[in-house]
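The values are calculated or read from the model by the stated rules, or taken from the named source; none is laboratory data. Please read all numbers here as calculations on a predicted model, not as lab measurements. Here the Cβ positions follow ideal geometry from the backbone for every residue, glycine too, while neighbour counts run over all protein chains shown.
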Amino acid sequence: MPFCARRCNYCDFATSALPADRAAAAGLMDAYVDAFEAELAASPPRPARSVYFGGGTPSQLGARRLLRLLAAIAGHGGLLPEAEITVEANPTSVEADLLEALRAGGFNRLSLGLQSLRDELLTVLTRTHTAAEALAAFGLARAAGFDNISVDLMFNLPRQRFTDWCDDLQRIIQLGPEHVSLYELSVEAGTPLAADVAAGRLLLPDEEVDAAMYEAARELLPAAGWEHYEISNFARPGRSSAHNAVYWRNEEYRGYGPGAASYVGRRRWTNEPRAELWRQAVTAGGAAVSEEETRSEDEERRETMYLGLRQLAGVDVAAYTARHGGPPEAWFGTELARLVEVGWLERTPRAWRLTADGLLWSNRVFMEFL
Ligand code: SF4
């Protein structure tokens, strides 16, 4: 969804602030929904196992447009009965009516962008909500019947102390969402945040504090009953994200909208990220591809490794063999031996997986397969 109420200072996502004029904003969103339907109609129908409305602030679209989009998806290829249907929302763009309509209309998972429960840090991030509004939004979602709620939390923020982060984690534990996604703030070139950091107006925590924050989450959340199942994700039993598992297992997916990525067969492509150019292209011809490539079998084998290693259960050797015609050892014997020697990877009876040390150095591990 290429619109947000306001653009956050750290964001490099292809989104823009909606016009303040309500009629102009409504016109833009209606045109977006029309274009989305045109893009969907031009793609081969296929039943969906999961549907995820994400990027930007989808809740900004309102119930009528979101339900229209979901109906279009259901009418095109169908939804499997167990389909996970998620919508991302910001605390300031949810109201009881909206949440009740979405829940009644088939949305069964909500992803709330809380980011922090400290007002001063939300201000640093130029977010439009307060901690009180974040907690209120969570309560509204529960009251509307959402029994599968994920919350996003950010760490490594300017002015964030280690104790602030631990407080946030404790308050989230009290709140009791089914799923918690952690985001380590990264400073993206060209953003206002990058300019503030470069000029010394904002300072990020030291590397040791950053690592300690991650470690604190790894201790506190599992101790309170959330399983750490992916590098940045924690879930109550049975509540891991079915949608993200598709990416981590390197399975096919289809994305719609500006900047959306798709993967079908060995072909991967990304849509035009500029919303208006995307809209014009899909309205005229049903597609708006800006980049595409066809992966070789070698690239696919590598991708299945480094995406799969993001999951704490690791890369299932039997599944890998069934897909690629041999176990990881057949292609990456040298790399695997090296990673085992430094203590970042281990072989269990079923899988190759990161060790506790490997979790801290996961990017270095993934580099071995790129
Ligand atoms: S709400 Fe999310 S997508 Fe929108 S500007 Fe902020 S960070 Fe970017």
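Let's see how each residue does on (1) in contact with a strand residue (DSSP E or B) (Cβ under 6 Å, 6 or more places away or on another chain); (2) closer than 30 Å to Asp164 by Cβ; (3) of a type in the set (A, V, I, L, M):
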| residue | (1), (2), (3) |
| --- | --- |
| Leu18 | yes, no, yes |
| Ala41 | no, no, yes |
| Arg46 | no, no, no |
| Ser50 | yes, no, no |
| Ala63 | no, no, yes |
| Leu69 | no, no, yes |
| Thr92 | no, yes, no |
| Leu117 | no, yes, yes |
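Looking only at the stretch 293-334, count how many residues are farther than 28 Å from Ala235 by Cα and in contact (Cβ under 8 Å) with a residue 60 or more places away in the chain.
Within the stretch 293-334, residues that are farther than 28 Å from Ala235 by Cα and in contact (Cβ under 8 Å) with a residue 60 or more places away in the chain number 0.
Just a yes or no: is a residue in the stretch 10-28 within 16 Å of the ligand (Cβ to nearest atom) and of a type in the set (D, E, K, R)?
Yes, some residue in the stretch 10-28 is within 16 Å of the ligand (Cβ to nearest atom) and of a type in the set (D, E, K, R).
Considering only the stretch 251-370, give the helices (runs of 4 or more DSSP H) lying wholly within it that have at least 2 residues that are closer than 30 Å to Asp210 by Cα and modelled with pLDDT of 95 or more.
Counting at least 2 such residues, we get 297-308, 328-341, 362-367.
Do we have Gly190 as on the phi > 0 side of the Ramachandran plot, surrounded by fewer than 18 Cβ atoms within 10 Å (Cβ to Cβ) and without any contact (Cβ under 8 Å) to a residue 24 or more places away in the chain here?
No: the conditions fail for Gly190.
Anything in the stretch 57-67 that is buried (at least 18 other Cβ atoms within 10 Å of the Cβ) and over 21 Å from Ser150 (Cα atoms)? List them, or say none.
Scanning the stretch 57-67 gives a single hit, Arg65.
Being touching a residue at least 24 places away in the same chain (Cβ under 8 Å), touching a Leu at 6+ places or on another chain (Cβ under 8 Å) and buried (at least 20 other Cβ atoms within 10 Å of the Cβ) narrows it down to one of Leu175, Leu153, so name that one.
Leu153
At pLDDT 95 or above and among the polar types (S, T, N, Q): is that true of Thr123 in this structure?
It is true that Thr123 is at pLDDT 95 or above and among the polar types (S, T, N, Q).
Of the residues that sit in the stretch 34-53 and are surrounded by 16 or more Cβ atoms within 10 Å (Cβ to Cβ) and within 17 Å of Pro258 (Cβ to Cβ), which one is nearest to the ligand (Cβ to nearest atom)?
Going through the qualifying residues, I end up with Phe53.
Is it true that some residue in the stretch 188-204 is within 18 Å of the chain's Cα centre (by Cα) and within 21 Å of Leu114 (Cα to Cα)?
Yes: one or more hits.
Would you tally the residues in the stretch 275-298 being out of contact with any strand residue (DSSP E or B) (no Cβ under 9 Å at 6 or more places or on another chain) and among the charged types (D, E, K, R)?
4
For the stretch 136-145, which residues satisfy the criterion of being surrounded by fewer than 16 Cβ atoms within 10 Å (Cβ to Cβ) and touching a residue at least 12 places away in the same chain (Cβ under 8 Å)?
Of everything in the stretch 136-145, those that are surrounded by fewer than 16 Cβ atoms within 10 Å (Cβ to Cβ) and touching a residue at least 12 places away in the same chain (Cβ under 8 Å) turn out to be Ala136, Ala143, Gly145.
Just one of Tyr253, Tyr247, Tyr263 is free of Cβ contacts under 8 Å to residues at least 40 places away in the same chain and in contact with a Lys or Arg (Cβ under 9 Å, 6 or more places away or on another chain); which is it?
Tyr263
Would you point out which residue out of Leu117, Leu110, Leu98, Leu169 is in contact (Cβ under 8 Å) with a residue 12 or more places away in the chain, in the same structural domain as Tyr10 (by TED's automatic domain parsing), within 16 Å of the ligand (Cβ to nearest atom) and not polar (S, T, N, Q)?
From the options Leu117, Leu110, Leu98, Leu169, the qualifying one is Leu110.
If you check Arg201, Arg239, Arg218, which single one turns out to be in contact with a His (Cβ under 8 Å, 6 or more places away or on another chain) and in a loop (DSSP other than H, G, I, E, B)?
Arg239
Out of curiosity, is Ser150 at pLDDT 95 or above, within 16 Å of the ligand (Cβ to nearest atom) and assigned by TED's automatic domain parsing to the domain that holds Pro222?
yes
Would you check if there is a residue in the stretch 26-35 being touching a His at 6+ places or on another chain (Cβ under 8 Å), under 18 Å from Ala284 (Cβ atoms) and part of a helix (DSSP H, G or I)?
No, every residue in the stretch 26-35 fails to be touching a His at 6+ places or on another chain (Cβ under 8 Å), under 18 Å from Ala284 (Cβ atoms) and part of a helix (DSSP H, G or I).
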